[in-house]
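Below is one structure, written out as structure tokens; comments come after it.
The values are calculated or read from the model by the stated rules, or taken from the named source; none is laboratory data. Note that the structure is a prediction, hence the values are computed from the model and not measured. Because the Cβ atoms are built from the backbone with ideal geometry, glycine has one as well, and the counts that use them run over all protein chains shown. Only protein heavy atoms, including side chains, enter the accessible area calculation; ligands, DNA and RNA are left aside. Shrake-Rupley method; radii C 1.70, N 1.55, O 1.52, S 1.80 Å.
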Amino acid sequence: MSSGFTNNDNIITIGAFNIDVPRNRLVLGAKAYPLEPQIMNVLCVLAEKPGKVFLRDDLIDRIWKVEYGGDESLSRAISVLRKTFKKAGDDDLYIETIYKRGYRLKASVSQTVSKVDKKTKDINTENEISIAVLAFEDMSRDHDQQYFSDGISEEIINALVKLPYLRVTGRTSSFSFKGKNISICDIASALNVSHILEGSVRKHGEQLRITVQLIDAAKDKHIWSDTFDGVLDDIFTLQEKIARAVERELNAIFSTTDKTHPDHLTTAMTKNLQAYDFFIHGRGLTQQQDGLDILPRAIEMLEKSVSIDPKFSQAWAYLARANFYSLEHTKAPDWAGNIVAGRRAVGRALALDPDLDIAQSTRGYLALLDLKIGERLVACEKAYQLNPNSPIFRYTFGSALASIGQSERGLALMETATTQEPLSASWINGIGHPKFALGDFDGADADYQHSLDLGYDGAMFMKAILLNHRHGPNMAIEFLQANTKHMGSLSKSMASNSVLLKLYIRACYAKSKLARWLIFPALRYTVMNKKTQPAAGLSFRCYALGYPKLFMKAVRNHPHPYMGAVLAQLWTPAEDAKRIRTHKDFPKFADDIGLVRAWQVYGWPNMIKPVAGTDGSDGQFICT
């Protein structure tokens, strides 16, 4: 791709930065900030004509052409550029989003023949080692063992995460390429990793053959491969051998002998292979979450696993998780039974192993269902301390902090975790919440749009709230009406009824008195009906419609595992958020659900301060 600059050895100056195109770096003074080649290409195109609006479709066609890329890659590129400029300490808005059109570069641009010193030190990349483990291919005779191959791949990810010097891409992002014909170089670029581990699993009866190969992504070169043969009884030994072999190869490349190397990377979770087989099948379905029968099948598999081995703590933890997920991702015929079963399962997992990271993290969901926000923070922090290199526990603790108004601390953890899960649409949406709260509206907008591009429906409503706050209801309404294809499962029924959809949008964003009068009775009935299945959509609708008392009642009557994401909205500058936290009933509400206790331990939000001489108990705090 041509950047439009004739001499690639010259340096482009954009605002305060020198852009070292040949070495793909932003340079400010003595520090350099590396960029991926495709992201540098985006910047170069924008720099061709500062101030010109480049349409999204034109940028995609020019940079990614018909190959892998698209909306999600462009959104990510813009987000990375903004983060890099900001990380360098320059808060000026260099790249502006033009609503429904594209982007333009606002800073001045010049080209110079001066060159940046090649010895300028790259920030945060010196000796960084990063790897993504792709879903292993099922090479079994009947091709009916993909769940088993996925399970092996995930165990390798979990093992490599224990190496503190290694940045390992999480399961969601790595597995998103399964079944797609995409080059290793493009995958590595999308995941921002230096190495890729791919492989295959052949299972025949009790015999097992696992073939793996390590690839230098920049060179698209295989640097090591091996085959590991054994029987199913050897499965945990084989996983340890594979992880150690990868570690040795990386050590040979990067000389990591001075780094910390754990004694064991894998553990034998159970002695019963049938229980293990049911477990990895059920775990995979639990993480898939969405689908008509996905979570019921996950619960069935995990129940079989623990019935065979009642001491299988990991299986109990994922059984709890599958039951809790059912409240949000399925229309559960017996959702109250799911809560009871989840409570029992997480209790059993913790009784067997109090230091099991996934069990502690799942305890955080139970704490939300019990309206104990402080306990949720404790559980999430414990999981993070047990496995600090795992992106899921880092992100979950950060999200828990953001939910109580500790937006800056939470955002730092969430952003770091997302470097390991760059294609997790729901995580990217979640990062937008603390950015919105901190006043980074452009950053939040980019994250919500990126999340939408990756297919997360809920981001549409958050972007509408942000547009409403920044530009007024007309732009929010226009955006929603133009994007009904993104309506989530709770609202798809409205999409076919234009009158109902328009009514909801006008009530929510234009605050039409007539629309609100028509919608309120049905919403209030749903909130007051204790038989209503708990889900994030109910409390979120009460928030977005601007009903403080109904919002607090919805949280009390229908607590759900994803309540933290709803609470994170309360700390934004949006008028509806302020209306809730300054409501006369909010102090008691905050005390009842454990927010005050959480603030006393983890810190008070900027807009809430305890009365001088008190610890904030009994409503003795001031909200703004």
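So what's the back-of-envelope 222 nm ellipticity for the chain, counting only DSSP H runs of four-plus at -39500 (n - 2.57) apiece and dividing by all residues, rounded to 500?
-16000 deg cm²/dmol
Between LYS49 and TRP517, what length comes free when the chain is fully extended (0.36 nm per residue of separation minus the Cα-Cα distance, one decimal in nm)?
Additional length available on full extension: 163.5 nm.
How high is the relative contact order of region 274-431, given as a whole-number percent (alpha carbon pairs under 8 Å, six or more residues apart)?
14 percent
Given Cβ point charges of +1 (Lys, Arg) and -1 (Asp, Glu) and nothing else, what value in debye, to the nearest 20, does the dipole of region 242-329 about its Cα centre take?
In total the dipole reaches around 220 debye.
Shape of region 490-580 from its Cα gyration tensor (a ≥ b ≥ c, root eigenvalues): rounded if a/c is under 1.5, otherwise prolate when a/b > b/c, or oblate?
Since a/c reaches 1.5 but b/c is at least a/b, the shape of region 490-580 is classed as oblate.
Step through the table entries LYS463/LYS549; LYS180/LYS304; LYS83/LYS584, compare each Cα-Cα distance with 27 Å, and write down the pairs that go over it.
Over 27 Å Cα-Cα: LYS180/LYS304; LYS83/LYS584.
Which distance in nm do the two modelled labels at LYS549 and LYS83 give, with both placed 7 Å along the Cα-to-Cβ direction?
4.3 nm
First measure r as the distance between the Cβ atoms of ASN251 and GLN600, then evaluate 1/(1 + (r/R0)^6) with R0 = 56 Å and state the FRET efficiency to the nearest 0.05.
In this case the efficiency is close to 0.75.
Considering only the chain, what is the antiparallel percent among its DSSP beta bridges, to the nearest 5?
The answer is about 80 percent antiparallel.
Principal axis extents for the chain, Cα atoms only, whole Å, descending order, please.
Largest first, the chain extends 68, 65, 56 Å along its Cα principal axes.
Taking 0.36 nm per residue of sequence separation and subtracting the Cα-Cα distance, how much length would be gained by fully extending the chain between HIS204 and LYS311, in nm to one decimal?
Taking 0.36 nm per residue and subtracting the Cα distance, the gain is 35.7 nm.
Size of the dipole of region 136-199 about the Cα centre, Lys and Arg at +1 and Asp and Glu at -1 on the beta carbon, nothing else charged, in debye to 20?
Result for region 136-199 is approximately 320 debye, rounded to the nearest 20.
Around LEU371, what is the net charge, scoring Lys/Arg as +1 and Asp/Glu as -1 over all other residues with Cβ under 9 Å from its Cβ?
Surrounding charge for LEU371 is 0.
Which one, THR624, GLY342, ILE465, is farthest towards the positive end of the dipole of the chain when Lys and Arg carry +1 and Asp and Glu -1 on their Cβ?
THR624
Label-point separation (nm) for ARG409 and ASP220, each offset 7 Å from Cα along Cα-to-Cβ?
The modelled label-to-label distance comes out at 4.7 nm.
Need one word for region 442-482: rounded, prolate or oblate. Basis is the Cα gyration tensor (sqrt eigenvalues a ≥ b ≥ c); a/c below 1.5 gives rounded, then a/b vs b/c decides.
oblate
Percent of accessible area on the chain owned by carbon and sulfur, 1.4 Å probe?
Answer for the chain is 49 percent, counting heavy atoms of protein chains only.
Spin-label point model (7 Å from Cα, Cβ direction): what's the VAL340 to SER108 distance in nm?
So the two model labels end up 7.2 nm from each other.
Could you work out the relative contact order of the chain, using alpha carbon pairs under 8 angstrom and six or more residues apart, expressed as a whole percent?
Relative contact order of the chain: 9 percent.
How large is the accessible surface per residue of region 141-298, computed with a 1.4 Å probe and reported in Å² as a whole number?
46 Å²
Specify whether the C-alpha gyration tensor of region 362-490 places it in the rounded, prolate or oblate class, a ≥ b ≥ c being the square roots of the eigenvalues: rounded for a/c under 1.5, otherwise prolate if a/b is larger than b/c and oblate if not.
prolate
Along the principal axes of its C-alpha atoms, what lengths does region 363-423 span, in descending order and rounded to whole Å?
Over region 363-423, Cα extents along the principal axes are 32, 23, 20 Å.
Within 10 Å of each candidate Cβ there may be at most 12 other Cβ atoms; applying that plus a DSSP loop requirement, which trypsin sites (Lys or Arg not before Pro) in region 524-622 survive?
LYS530, LYS531, LYS584
Ordered by packing density, taken as the mean number of other Cβ atoms within 10 Å over each peptide's residues, highest first, how do 49-59, 317-327, 210-220 rank?
By packing density, highest mean first, the sequence is 317-327, 210-220, 49-59.
Hydropathy first: keep DSSP H helices in the chain averaging at least 1.0 on Kyte-Doolittle, then drop any whose Cα extent along the axis falls short of 15 Å, and list what survives.
37-48
So what's the net charge close to LEU295: Lys and Arg +1, Asp and Glu -1, counting the other residues with Cβ under 13 Å from its Cβ?
That sum, taken over residues with Cβ under 13 Å, equals -2.
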